[in-house]
Each structure stands twice: as structure tokens, then as C-alpha cells.
Amino acid sequence: GNITLKRGVTQSFDLIDWLKKVENGVIERANVSITLQDENHQEVLKWNLFEAWPCKWTGPDLKASADEMAIETLEICIERLETQKV
């Protein structure tokens with residue numbers, strides 16, 4: 001299955017490096033976790049993705065006159081998903 005993430009643009013070099021490897025034809029699978037935090041930054045829920053790799057990335061639509069946040073979309077292919085309450 002696939003997981004789709006949408007976020008504002010950041011300087012996450014680990015994520016950028018992972019995407020560049022895929023662009024260069026190197027599919028590097030990894031076990032990754034996505035966490036949901038409460039207003040005190042405490043983890044409340046975790047999604048563990050197994051054998052994951054980025055399979056599609058859509059960059060932000062940058063418009064000089066727009067007052068909107070630049071959003072990018074990342075689709076991650078996964079072999080298995082596990083949900084964990086923290």
C-alpha cells in the first residue's frame with residue numbers, strides 16, 4: 001500500500017537525501033515512523049512503516065503573488081503498516 005504525506009517546505013536533509021537516491025535509481029527501503037503529537041509535543045500515536053521507500057514526490061506550486069503556504073506531497077510505498085498507541 002501507499003501512504004501520502006503533505007507538509008510545508010522544510011530543510012529536512014535526511015528526507016531530501018532519500019528522495020535524491022530514488023531519483024538516481026537507488027531504491028533504498030527503510031523502516032520509518034510517523035508520530036502524532038499533542039499540544040505539549042508528547043507522542044500520542046505512532047505509525048510504523050516497514051520496507052518503505054518514496055515512490056512519488058510533488059513539489060510545491062510556488063506563486064509569487066500567492067499568500068498560501070508552499071505545500072509538497074510525498075507518497076511512500078510500504079510493505080506493512082503497524083499502528084501503535086503511545
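The values are calculated or read from the model by the stated rules, or taken from the named source; none is laboratory data. Remember, it's a predicted structure, so these values are computed and weren't measured experimentally. Because the Cβ atoms are built from the backbone with ideal geometry, glycine has one as well, and the counts that use them run over all protein chains shown.
Among the residues of segment 1-51, just one is farther than 20 Å from residue 79 by Cα, within 11 Å of the chain's Cα centre (by Cα) and β-branched (Val, Ile, Thr), namely 16.
Residue under question is residue 34, and the condition is that it be modelled with pLDDT under 95, within 23 Å of residue 81 (Cα to Cα) and part of a helix (DSSP H, G or I); does it hold?
No: the conditions fail for residue 34.
Does residue 56 satisfy being basic (Lys, Arg), surrounded by 11 or more Cβ atoms within 10 Å (Cβ to Cβ) and either modelled with pLDDT of 90 or more or more than 20 Å from residue 14 (Cβ to Cβ) (or both)? No, not satisfied.
When we screen 15, 5, 19, 36 for residues that are surrounded by 10 or more Cβ atoms within 10 Å (Cβ to Cβ), without any contact (Cβ under 8 Å) to a residue 24 or more places away in the chain and among the hydrophobic types (A, V, I, L, M, F, W, C), the only hit is 36. Scanning segment 12-34 for residues that are over 19 Å from residue 58 (Cβ atoms) and among the polar types (S, T, N, Q) yields a count of 2.
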